[in-house]
1. Among 29-38, 52-61, how do they line up from the highest to the lowest mean number of other beta-carbon atoms within 10 Å?
2. Would you pull out the residues with amide H under 5 Å of residue 188's amide H, same chain only if 5 or more places away, H placed 1.01 Å from N?
3. Net charge around residue 134, counting only other residues with Cβ within less than 13 Å of its Cβ (Lys, Arg = +1; Asp, Glu = -1)?
4. Using the alpha-carbon atoms, what tilt in degrees (0 to 90, nearest 10) does helix 169-184 show relative to the longest principal axis of the chain?
5. If you fit an axis through the alpha-carbon atoms of helix 139-151 and take the longest principal axis of the Cα set of the chain, what angle between them do you get, 0 to 90°, nearest 10?
6. Pop a pseudo-label 7 angstrom from the Cα along the beta-carbon direction at both residue 219 and residue 136 and give the gap in nm to one decimal.
7. What is the antiparallel percent of DSSP beta bridges lying wholly in the chain, to the nearest 5?
8. For the charge dipole of the chain, defined by +1 on Lys and Arg C-beta atoms and -1 on Asp and Glu C-beta atoms about the Cα centroid, which residue among 111, 32, 137 has the Cα displaced farthest towards the positive pole?
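The values are calculated or read from the model by the stated rules, or taken from the named source; none is laboratory data. Keep in mind that what you see is a predicted model, and the values were worked out from it rather than measured. Every residue, glycine as well, gets a Cβ built from its backbone with ideal geometry; the counts of neighbours run over all protein chains shown. Ligands, DNA and RNA are stripped out before the accessible areas are found, and what is left, the full protein with its side chains, is counted by its heavy atoms. Shrake-Rupley method; radii C 1.70, N 1.55, O 1.52, S 1.80 Å.
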Amino acid sequence: MTALLEFREVDVFYGPIQALHKVSLTIEEGETVALIGANGAGKSTLLMSIFGQPRAAGGQILYRGQDISRKSAHFVASNGIAQSPEGRRVFPDMSVEENLLMGTIPIGNQYAAEDMQRMFELFPVLKERRNQRAMTMSGGEQQMLAIARALMSRPKLLLLDEPSLGLAPLVVRQIFQTLRELAKTGMTIFLVEQNANHALKLSDRGYVMVNGEIRLSGTGAELLGNQDVRNAYLGGH
Ligand code: ATP
């Protein structure tokens with residue numbers, strides 16, 4: 001079976017500095033996969049390299065069997081990969097509805113009304129705030145908006161960069177609960193997180209990244225039970 005996304009020995013550089021070293025990983029259709037690692041390990045770089053920003057200097061990034069490592073970000077987005085970026089970068093001066101409409105750009109707006117209703121069911125708070133400017137919303141609400149906006153392009157693969165960053169524990173639980181519902185609908189999710197506990201509990205499989213290399217992989221449960229992972233990312237408990 002062809003993986004939905006596969007990294008084969010991908011190298012990425014920022015100038016002379018190598019940020020990713022021969023990274024290999026696979027994500028099968030319908031899976032939820034977590035990439036965990038410390039600050040600066042290279043997790044965001046890996047996600048951004050899927051859109052060619054930065055470009056892979058070596059190796060291949062295969063999406064449904066096709067090497068996309070030389071394709072434009074627009075090509076990647078319009079072929080079914082959407083990202084909710086780190087720091088939940090929503091358009092601050094736009095309303096919730098306007099932000100959601102921006103998410104349809106890769107595919108056009110023919111499903112916009114229908115999909116907006118779907119987002120309001122998944123994230124009821126966004127319905128209540130549909131006319132509110134994004135900058136006036138809480139961090140958790142903005143995170144939900146960033147995820148919903150990504151979903152408006154009807155992705156086959158949803159990329160999430162640190163959805164729990166800077167949010168209160170209760171809000172983090174809500175967001176992971178929604179991600180669990182989304183995964184149950186068959187959505188393929190690739191999640192980058194420092195919050196290893198939540199990420200691994202949600203995920204079918206996980207990868208651990210250290211200094212730009214994949215050090216360890218396994219099922220979510222295996223990694224949660226691994227003593228090295230517990231010591232490094234779960235406070236040793
Ligand atoms: P964080 O959780 O802080 O986002 P991360 O695991 O996502 O961490 P990256 O942001 O991918 O890590 O960074 C990986 C390495 O590449 C770090 O050493 C970082 O300093 C470096 N780096 C990231 N972006 C750039 C850039 N634009 N120019 C030069 N170096 C960069």
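1. Ranked from most to least packed, the peptides come out as 29-38, 52-61.
2. Here 30, 158 satisfy the definition.
3. Computed value for this residue: +2.
4. 90
5. Tilt relative to the chain: about 80 degrees.
6. Computed distance between label sites residue 219 and residue 136 equals 4.8 nm.
7. 55
8. 137
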